[in-house]
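Inspection log for the structure reproduced underneath, given as structure tokens.
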Amino acid sequence: MKIETIQQYKSTFDSISKTVKDDDGQDVEVWYARELQKVLGYSRWENFAEAIGRAIESCKTLRINVDDHFREVTKMVGLGSGSQRPIQDFMLTRYACYLIAQNGDPKKEEIAFAQSYFAIQTRKVELIEERLSEIARLNTRERLRNSEKQLSKNIFERGVDDRGFGRIRSKGDQALFGGLTTEQMKERLGIKSGALADHLPTLTIAAKNLATEMTNYNVEQKDLYGETDITSEHVHNNRSVRNMLGQRGIKPEELPPAEDIKKVERRVAKDEKQLQKDAQKLPKA
């Protein structure tokens, strides 16, 4: 996400925040669901209300008092005739908004931004940008895990065991990285332990995932069977992805390593626990 886009979203989210006093007279930052719905890209209240419902269930699962963070309120809206009618709304704390974003559609750019905006206590653009980058990498890594699981399942059903899966994946890496094996890439990047993909930048993880998804698709569509045919398919797909990157002047083996994704996962989890611990509460109704 470009820095200009981040600044624009930040300005929009800032503009709809309100302040109320808690039971100790301290300021509590709140947002109203009807306004949040619009900036999160939901056109229908019914769909957004479902995300709120899932967030409330998440709150209950975490054994957090829902009333501290979600307050159902009634808002009056004008009709064409000049009269007014009541509609459902919610007053939400920052933590409630975070849970809603976590339960929203991650494909929406606004949701991706909101997950980081509400997760951190500061509104500094550079910190939001850093977290967005971390979350994007974590999500991309998770997609690769899922596609590799599906590939493992697909090829097991077609006569290939775990060792065969390892060989297929290794051959794919060799095609993607210009002839360098998985172990050679780990040595090149100074990786002492862990999976190669855990130390790759987001772009390379996405490239591996694309090739794996293509293999999954063609294994199923062509009903490929046996290690030889599936290896050939996977190598071809990785080579195709490499050629596509090459057309844009990118060589995957020349990209620098990224921070161990396990460390990123631990840091994000720690931030989420801290958010829960420090969350401001709504005043009692």
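The values are calculated or read from the model by the stated rules, or taken from the named source; none is laboratory data. Since we're looking at a predicted model, the values are computed, not measured. For neighbour counting, all protein chains shown are included, and Cβ atoms are generated from backbone atoms with ideal geometry for every residue, glycine included.
Quick look at the numbers
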| read-out | value |
| --- | --- |
| Search result, residues across the range 3-40 that are surrounded by 16 or more Cβ atoms within 10 Å (Cβ to Cβ) and not in a helix (DSSP H, G or I) | Val28, Val30, Trp31, Tyr32, Leu40 |
| Residue in the range 145-165 that is assigned by TED's automatic domain parsing to the domain that holds Val235, within 30 Å of Glu35 (Cα to Cα), surrounded by fewer than 18 Cβ atoms within 10 Å (Cβ to Cβ) and not charged (D, E, K, R) present | no |
| Tyr217 vs. criteria surrounded by fewer than 18 Cβ atoms within 10 Å (Cβ to Cβ), of a type in the set (Phe, Trp, Tyr), in a loop (DSSP other than H, G, I, E, B) and not assigned by TED's automatic domain parsing to the domain that holds Asp67 | no |
| Matching residues, the range 14-39, being in contact with a helix residue (DSSP H, G or I) (Cβ under 8 Å, 6 or more places away or on another chain), in contact (Cβ under 8 Å) with a residue 12 or more places away in the chain and under 19 Å from Val77 (Cβ atoms) | Ile16, Trp31, Ala33, Arg34, Leu36, Val39 |
| Subset tally (residues that are in a helix (DSSP H, G or I) and either surrounded by 17 or more Cβ atoms within 10 Å (Cβ to Cβ) or charged (D, E, K, R) (or both)) for the range 246-267 | 10 |
| Filtered residues of the range 171-180 (kept if at negative phi and either among the hydrophobic types (A, V, I, L, M, F, W, C) or loosely packed, with under 14 Cβ neighbours inside 10 Å (or both)) | Ala175, Leu176, Phe177, Leu180 |
| Arg141, sole failed condition from (1) among the charged types (D, E, K, R); (2) in the same structural domain as Val160 (by TED's automatic domain parsing); (3) surrounded by fewer than 16 Cβ atoms within 10 Å (Cβ to Cβ) | (3) |
| Whichever residue in the range 101-134 is out of contact with any helix residue (DSSP H, G or I) (no Cβ under 6 Å at 6 or more places or on another chain) and under 17 Å from Asp260 (Cβ atoms) and, among such residues, is surrounded by the fewest Cβ atoms within 10 Å (Cβ to Cβ) | Glu130 |
